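Below: the structure, in structure tokens.
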Amino acid sequence: MPKRRTQQLQRLVVTSPFESHVAGAIASISASDATRAAYRRDFDLWTKFCGERNVNRQAPLVDAAAAFVEWMKQKPEPDAPTTRARRMSSLASIYRELRRRKALECPNPFSVDDGPKREKVAVDEPTPIATPEVVRKVLATCDVTTLLGVRDAAIIRALWSTGMRRVSLLSMTQERLAHDPFGYVATVIKKGGETQRVLLKGKAREALDRWLVILRDSDLKTGKIWREEDAKLLVEHNLNRALEKRAKLVGEYLTPHMLRVAFLTYNPADIEAKQDAAGHADPTTTQIYDRNAWRGREAFIAMPEVEDL
């Protein structure tokens, strides 16, 4: 057994049963060492708060999480709203996993349903949405008689239909592509190193089929799917540049993240389904990107002019 793994197991043995469950929960949430370390720091800060306020971490009272938010605001160097929101989300994930492991019986004190209302995090420059009109114009620049035209059309349709992040798109391999009655199920790597399944159907499946034919005709029958004209692997910088270059031809601007926003906005599925599809741990994160999630907009639209009353 690797020495590092042995040391990790030894630490689990010598700590308290609850601490062992916490370590196991964090390990289950993400395969990324950096992400696990971030979750651990968030839990350690919560532990510090619990120690100062005499809060039982295994059975915190209903208002404990709300008090933790106020505590973070009143620190000598207060955490930024985005940091507080991230910590609440990571702690919600940890307690969700602890409940799954039956390490505690209380409700999840950080969940959207049982915990405090999430803070509204201000975004100075939110990612613009890729409208259907813009996407259609950019797709029209993809000449399917050319290699890059076929590739870029397949990429745009894949991003539009799945809302994948760039890292997930570029992680696609032929080995992790399975047939489905609707098209293809691709197992991709999402942020944090975990895997996620996405479904490519309709025109996205047709566009991907055309690109796969080119790959296989070039004797590239295994490995990463997205490549350059010389068969080198496509990287994030060149992916961005390819979309921006095509959009510029029609006087528009387009990025992979704009297509992710479009997926979360135009998709009529409920918030839980979109949360799972997007790989978000917290539905409030999904709502940030869903431009239709602003329920108050309906009231503003419905308000009549004073002259009309």
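Residues of the stretch 144-162 that are at pLDDT 90 or above and not hydrophobic (A, V, I, L, M, F, W, C): Thr145, Thr146, Gly149, Arg151, Asp152, Arg157.
Can you tell me which of Val185, Val134, Val167 is over 16 Å from the mean Cα position of the chain (by Cα), touching a residue at least 60 places away in the same chain (Cβ under 8 Å) and over 26 Å from Val62 (Cβ atoms)?
Numbers: Val185 fails: touching a residue at least 60 places away in the same chain (Cβ under 8 Å); Val167 fails: over 16 Å from the mean Cα position of the chain (by Cα).
Answer to the check: Val134.
Of the residues making up the stretch 128-143, those that are modelled with pLDDT of 95 or more, in contact with a helix residue (DSSP H, G or I) (Cβ under 6 Å, 6 or more places away or on another chain) and part of a loop (DSSP other than H, G, I, E, B) are Thr141, Cys142, Asp143.
For every residue, the table says whether it meets (1) of a type in the set (A, V, I, L, M, F, W, C); (2) on the phi > 0 side of the Ramachandran plot.
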residue	(1), (2)
Ile214	yes, no
Thr222	no, no
Ile225	yes, no
Ala231	yes, yes
Lys248	no, no
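Note on the stretch 62-94: residues that are touching a residue at least 24 places away in the same chain (Cβ under 8 Å), β-branched (Val, Ile, Thr) and farther than 19 Å from Gly51 by Cα total 1.
The values are calculated or read from the model by the stated rules, or taken from the named source; none is laboratory data. As the structure is a computational prediction, the values presented were derived from the model and not from experiment. Heads up, the Cβs are rebuilt from the backbone with ideal geometry, glycines too, and the neighbour counts pull from every protein chain shown.
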